[in-house]
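Everything below concerns the one structure shown next.
Read-outs: derived from the displayed coordinates by stated rules, not from any lab. Small disclaimer: the values here were computed from a predicted structure and weren't measured. No Cβ is skipped: glycine too gets one built from the backbone with ideal geometry, and neighbour counts run over all protein chains shown.
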Amino acid sequence: MFTKAFIPYGGYYSTPFARWQGSLSTVHSLPLGGATVARWLAGKGWDPGSIDYVNFGCSVAQPHVFFGGPLAATVLGAENVPGVWISQACSTSTTCVYQAAMAVEVGSAGMVFNLMADRTSNGPHSTWPNPNGPGGQVDVEDWIMDNFEGHPWAPMAMVATAETVAKEAGLTREECDAVALRRYEQYMDGMADDRAFQKRYMFPIEHQVSRKKTITLDADEGIFPTTAEGLAGLKPVMPDGVLTYGSQTHPADGNASIIVTTEDRAREMGGDGPTIQVLSFGYARAKKYFMPAAPVPAARMALEQAGLSLGDVKAIKTHNPFAVNDVYMAKEMGIDPMSFNNYGSPLVYGHPQGPTAGRCIIELIEELVLLGGGLGLFAGCAAGDTGASLVIKVG
């Protein structure tokens with residue numbers, strides 16, 4: 001349990017998420033993320049020189065990512081600040097916040113800036129030496145598509161891991177379709193009143209494509225209108241499966257940032273806003289081929305670390321690449337699947353990997369603020385049948 005790690009109110013943002021192969025498909029996510037942070041900090045009147053350390057969360061390599069954290073620090077305006085590249089697929093943001101909280105807790109840093117930026121569009125294609133290959137042939141890897149299809153230890157497509165969970169837990173197509181429809185309705189709640197909820201935290205992307213042209217992305221791109229009839233008419237992704245393209249997420253591009261600092265500095269930066277504390281972190285690894293099951297033990301660990309029960313929690317947010325994730329978690333933890341992920345979730349707005357959990361955590365904070373404060377739980381799965389969870393307290 002953490003006692004000293006705080007997030008300033010308003011000390012975070014998420015950009016809109018762009019659809020796969022959409023507006024951001026050719027933009028290098030590191031300099032784009034750094035430029036976005038620099039604009040955001042300038043608007044806040046916050047000095048990048050006050051940052052002690054930078055965590056750069058990125059799961060899809062792009063040119064010069066070898067320099068990772070230090071390069072991210074430089075492009076956001078903190079050129080004398082060190083940093084590190086953190087990559088844990090869909091749990092990247094959760095791990096960034098966890099590492100930052102640990103640094104503040106032990107006093108090794110007074111302020112850690114977490115920048116999470118990814119571009120799943122046009123991912124890299126790597127060639128690896130294969131000394132035993134006939135005729136000196138090389139091994140080839142597509143960072144996105146090959147790894148969506150599984151990893152060497154568990155060569156099963158990610159969507160297939162959701163089907164294994166559904167089969168073992170007895171989950172149905174009807175349950176998954178119902179949750180997918182509810183998640184779309186919740187996203188549309190976040191769009192109400194001229195996107196009032198999203199505008200609490202969302203910061204636009206500006207990308208200069210030429211001397212005379214700048215693209216501004218100020219709203220999510222790639223949202224699919226969803227109806228019960230439309231979901232019912234879709235074919236399953238896998239034969240006899242419970243999931244369709246309407247009940248799974250889609251790859252996306254974007255970035256998000258979260259500052260973790262001391263209580264005093266958080267209060268100073270947050271003005272009259274509420275206090276936001278990082279209370280605990282949980283992690284888990286499910287059995288092989290059962291990735292969507294991993295958030296449950298991770299969530300239980302985070303709650304236990306904080307000395308809490310699920311009944312103490314006011315709001316829950318999940319990274320839900322498949323509707324199966326939420327249906328399974330609800331059954332295992334005894335909660336209504338329709339009651340959590342208010343205002344939006346990755347199932348609807350997409351999954352850029354690195355910043356995905358960051359946006360979920362930010363939305364969780366803002367939901368708790370609207371509720372007048374309280375405890376919030378985030379949990380999500382990640383590649384390799386892993387899961388990660390955070391408990392946040394809004395005062």
Q | Linear extension gain, Ala38 paired with Asp52, 0.36 nm per residue minus alpha-carbon span | A | 3.5 nm
Q: Sort the range 242-386 into rounded, prolate or oblate with this rule: let a ≥ b ≥ c be the square roots of the eigenvalues of the Cα gyration tensor; rounded if a/c is under 1.5, and if a/c is not under 1.5, prolate when a/b is larger than b/c, oblate otherwise.
A: prolate
Q: Give the residue from Pro155, Cys176, Gln137 lying farthest towards the positive end of the charge dipole for the range 136-180; charges sit on Cβ (+1 for Lys and Arg, -1 for Asp and Glu) and the dipole is referred to the Cα centre.
A: Cys176
Q: State whether the range 133-219 is rounded, prolate or oblate according to the following rule on the C-alpha gyration tensor (a ≥ b ≥ c being the square roots of its eigenvalues): a/c under 1.5 gives rounded; otherwise a/b larger than b/c gives prolate, and the remaining case gives oblate.
A: oblate
Q: Tabulate in residue order the Karplus-calculated ³J(HN,Hα) for the range 214-230, using 6.51 cos²θ - 1.76 cosθ + 1.60 with θ = phi - 60°, rounded to whole Hz; enter x for Gly and Pro.
A: 10, 8, 10, 10, 10, 8, 4, 10, x, 7, 9, x, 10, 9, 4, 5, x
Q: For the range 326-362 and the range 215-271, compute the distance between their C-alpha centroids and round to whole Å.
A: 9
Q) About its Cα centre, what dipole magnitude does the range 218-370 give when the only charges are +1 on Lys and Arg Cβ and -1 on Asp and Glu Cβ, stated in debye to the nearest 20? A) 700
Q | 10 Å-binned pair-distance histogram of the chain (Cα, whole percent) | A | 5, 24, 35, 25, 9, 2, 0
Q: Please list the non-local residues whose amide H lies under 5 Å from the amide H of Thr275, H modeled 1.01 Å from N, same-chain partners needing a gap of 5 or more.
A: Gly395
Q. Say the cut-off is 25 Å between C-alpha atoms; which of Lys4/Lys44; Lys288/Lys393; Lys4/Lys287; Lys167/Lys331 go over it?
A. Lys288/Lys393; Lys4/Lys287
Q.
Give me the dipole magnitude in Debye, nearest 20, for the chain about the Cα centre, with unit charges on the beta carbon: positive for Lys and Arg, negative for Asp and Glu.
A. 380
Q. Taking the Cα-to-Cβ direction at Lys331 and at Trp153 and moving 7 Å from each Cα, how far apart do the two end points lie in nm?
A. 2.6
Q) Roughly how many Å is it from the Cα centre of the range 62-78 to that of the range 136-180, as a whole number? A) 31
Q: With an 8 Å cut-off on Cα pairs and a minimum separation of 6 or more residues, tell me the relative contact order of the chain in percent.
A: 27
**Q.** Whole-number percent relative contact order across the range 60-193, with pairs defined as alpha carbons under 8 Å at least 6 apart
**A.** 14
